[in-house]
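The values are calculated or read from the model by the stated rules, or taken from the named source; none is laboratory data. Bear in mind the structure is a predicted one, so any value in this text is a computation, not a measurement. Neighbour counts run over all protein chains shown; Cβ positions are idealised from the backbone, glycine included. Calculation scope for accessible area: heavy atoms of the full protein, side chains included, ligands and nucleic acids excluded. Shrake-Rupley method; radii C 1.70, N 1.55, O 1.52, S 1.80 Å.
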Amino acid sequence: MNKLVKSLLAAGLMLGMANSALAAEALKLGYLVKQPEEPWFQTEWAFADKAGKDLGFDVIKIAVPDGEKTLNAIDSLAANGAKGFVICTPDPKLGPAIMARAKSLDMKVITVDDQFVNAKGQPMTNVPLVMMAATKIGERQGQELYKEMTNRKWDPKVSGVLAITANELDTARRRVEGSLSALKAAGFPAGQIYSVPTKSNDIPGALDAANSMLVQHPEVKNWLVVGMNDNTVLGGIRATEGQGFKADNVIGIGINGVDAVNELSKSKPTGFFGSLLPSPDVHGYKSIQMLHDWVAKGAEPAKFTEVTDVVLITRENFKEELKKKGL
Ligand code: FCA
């Protein structure tokens with residue numbers, strides 16, 4: 001081996017060592033989400049990455065659509081040296097299993113959006129949680145629906161509420177209950193509110209649920225569509241379209257905002273009037289920042305952090321409002 005090659009090799013070796021020493025120093029934290037196909041969760045991931053850049057840690061992002069993938073993801077995080085993770089669980093009932101696995105691997109956990117429940121179905125309030133104000137945002141949905149129905153001068157006698165529910169998810173139950181109670185408080189006839197559970201929290205699930213309810217009420221001429229998030233409401237809207245309702249006779253207002261961008265960008269208005277945009281950016285950034293401070297500085301996170309600011313986005317203002325938030 002000549003001298004040049006030798007010194008090149010030595011330099012390469014030293015670089016490699018420096019690299020791995022640096023890598024060993026960077027703190028790693030996980031961010032696990034149940035539905036990575038929702039822009040909501042993509043936004044949380046993007047802002048978790050931003051926090052990682054600002055504060056100097058690596059974010060390992062893993063999709064966890066079911067329980068098995070969740071436990072595997074936790075193992076793989078541990079194998080990669082991660083010291084903890086933020087999670088939106090695919091099923092709140094996995095809470096005890098997730099906590100047991102994390103504890104055995106000495107990892108810290110912060111939940112985001114969906115709260116864990118224990119074997120008795122009670123919320124696991126000892127695990128830190130970052131979430132939106134569910135009842136309040138639901139109430140806002142109901143108020144805005146009523147307002148738009150009044151703008152359109154609908155006759156309440158021939159109007160109905162189609163509420164697509166997902167009661168096993170507490171945040172969903174609270175949003176929908178909030179919405180329906182606000183509608184009733186505003187004066188919507190309680191007897192014309194029809195609730196139907198969805199089998200899955202996506203557009204196809206909500207579409208099926210809505211179809212089965214719509215056919216039972218041929219007397220209703222105008223529909224208000226209630227659901228826990230954009231995809232649920234979009235499923236309801238697609239069902240009304242499939243059954244021949246015009247956009248003028250349907251008002252749906254979603255929740256999440258970022259998941260409604262395609263719909264609000266369509267060349268013609270649909271029954272999807274708008275969406276309530278909370279702060280996925282804050283959820284993503286704050287939850288992992290809290291985890292970082294816990295792992296790196298021993299700062300115990302608050303058990304409950306509620307993120308409250310919400311704005312109604314419609315076809316008129318959505319670009320501007322998303323831009324304001326840097327989304
Ligand atoms: C739940 C919903 C998501 C989002 C989040 C804040 O996890 O499934 O779409 O609304 O709460």
- Message: Condition check: over 25 Å from THR135 (Cβ atoms) and buried (at least 18 other Cβ atoms within 10 Å of the Cβ). Does HIS283 satisfy that?
- Response: no
- Item | VAL59 being surrounded by 21 or more Cβ atoms within 10 Å (Cβ to Cβ) and within 16 Å of the ligand (Cβ to nearest atom) | no
- Message: Could you check region 304-327 and list, in sequence order, the residues that are closer than 22 Å to LYS50 by Cβ, part of a strand (DSSP E or B), open to solvent by less than 50 Å² (accessible area, probe 1.4 Å) and of a type outside the set (A, V, I, L, M, F, W, C)?
- Response: THR305
- Message: Yes or no: region 196-219 includes at least one residue that is under 18 Å from TRP154 (Cα atoms) and under 26 Å from the mean Cα position of the chain (by Cα).
- Response: no
- Among (1) on the phi < 0 side of the Ramachandran plot; (2) touching a helix residue (DSSP H, G or I) at 6+ places or on another chain (Cβ under 8 Å), the one test that ASN256 misses: (1)
- Query: Of all residues in region 239-279 being touching a Ser or Thr at 6+ places or on another chain (Cβ under 6 Å) and open to solvent by less than 10 Å² (accessible area, probe 1.4 Å), which is nearest to THR43 (Cα to Cα)?
  - Reply: GLY257
- Item | Tally, over region 62-71, of residues that are in a helix (DSSP H, G or I), open to solvent by 70 Å² or more (accessible area, probe 1.4 Å) and within 11 Å of LEU32 (Cα to Cα) | 1
- Which residues, taken from region 287-302, are closer than 19 Å to MET132 by Cβ and away from the ligand (no atom under 13 Å from the Cβ)? ILE288, GLN289, MET290, LEU291, PRO301, ALA302
- Flag if ILE87 is among the β-branched types (Val, Ile, Thr), out of contact with any Phe, Trp or Tyr (no Cβ under 6 Å at 6 or more places or on another chain) and more than 21 Å from LYS303 (Cα to Cα): no
- If we keep just the residues of region 98-116 that are of a type in the set (D, E, K, R) and not in a strand (DSSP E or B), which is surrounded by the fewest Cβ atoms within 10 Å (Cβ to Cβ)? ASP106
- Message: Looking at (1) crowded, with 21+ Cβ neighbours inside 10 Å; (2) within 16 Å of the ligand (Cβ to nearest atom), which one does PRO92 not meet, given that it meets all the others?
- Response: (1)
- Query: Is there any pair linking a residue in region 303-318 that is more than 14 Å from VAL130 (Cα to Cα) to one that is among the hydroxyl-bearing types (Ser, Thr, Tyr) and surrounded by fewer than 17 Cβ atoms within 10 Å (Cβ to Cβ), with Cβ under 9 Å and at least six apart or on different chains, and which?
  - Reply: ARG315/SER265; PHE318/SER265
- Query: So is LYS286 among the basic types (Lys, Arg) and outside any helix (DSSP H, G or I) or not?
  - Reply: no
